[in-house]
1. May I ask what percent, to the nearest 5, of DSSP beta bridges between residues of segment 4-134 are antiparallel?
2. Give a residue-ordered list of calculated ³J(HN,Hα) values for segment 80-87 (Karplus: 6.51 cos²θ - 1.76 cosθ + 1.60, θ = phi - 60°; whole Hz; x for Gly, Pro).
3. May I ask which residue of Pro132, Ser91, His48 lies farthest towards the positive end of the charge dipole of the chain, with charges of +1 (Lys, Arg) and -1 (Asp, Glu) on Cβ and the Cα centre as origin?
4. With only alpha-carbon pairs counted, each pair once and no self-pairs, how large is the Kirkwood hydrodynamic radius of segment 4-134 in angstroms?
5. How many angstrom lie between the C-alpha centres of segment 119-139 and segment 62-103?
6. Report the longest stretch of the chain that contains none of the chymotrypsin sites (Phe, Trp or Tyr not before Pro) sitting in a DSSP loop with at most 16 other Cβ atoms within 10 Å.
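Every number here is computed from the coordinates shown, using simple stated rules; none is lab data. Here the structure is a predicted model, which is why all the values come from computation and not from measurement. All Cβ positions, even for glycine, are placed from backbone atoms using ideal geometry, and neighbour counts span all protein chains on display.
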Amino acid sequence: MSAELRRGEHTISTDPDRFDVPAIHAYLTRSYWSPGIPRVTVERAIAHSLSFGLFHRDQQVGFARVVTDRATFAYLADVYVLEEHRGKGLSKWLLEAVLAHADLQGLRRFLLATRDAHGLYTRYGFKPLANPTRLMEILDPDVYRAG
């Protein structure tokens with residue numbers, strides 16, 4: 001089930017048929033968190049996530065993806081608004097749409113990782129980990145680099 005929100009010339013949609021995968025891939029491949037990510041990986045991630053496209057008219061100008069079981073846990077990833085569309089409150093609107101989505105209510109834990117947007121996420125209730133010693137990870141920062 002897809003949802004759509006409108007604000008002036010902008011739309012947020014969860015309909016994967018609207019997503020401009022080449023545009024999403026182009027941004028993600030130059031982002032600090034997924035440099036060089038293969039397109040097939042982006043396609044697979046979108047297919048298995050609850051994703052939100054941000055559009056100006058019909059042009060994809062932003063994106064957010066939530067990895068979730070839709071019952072207890074969610075992880076917010078790949079959030080961006082193109083540079084030329086920033087400063088208009090679109091990232092806040094996108095985040096509000098994500099957090100208001102019916103499938104993301106009543107979760108026990110909602111995580112994200114960010115290098116430089118702590119101020120934005122703090123406004124919406126995200127905080128540093130209450131007990132960081134409980135979380136562990138397997139991290140391969142070079143996974144997308146050609147070997």
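1. Given both bridge residues lie in segment 4-134, the antiparallel proportion sits at roughly 85 percent.
2. Those phi angles translate into 7, 10, 3, 3, 6, 10, 7, x Hz.
3. Final value for the positive-end residue is Pro132.
4. 15.3 Å
5. 16 Å
6. Values: sites that count: Tyr32, Trp33, Tyr124, Tyr144.
By the stated rule (loop sites, at most 16 other Cβ atoms within 10 Å), 34-123.
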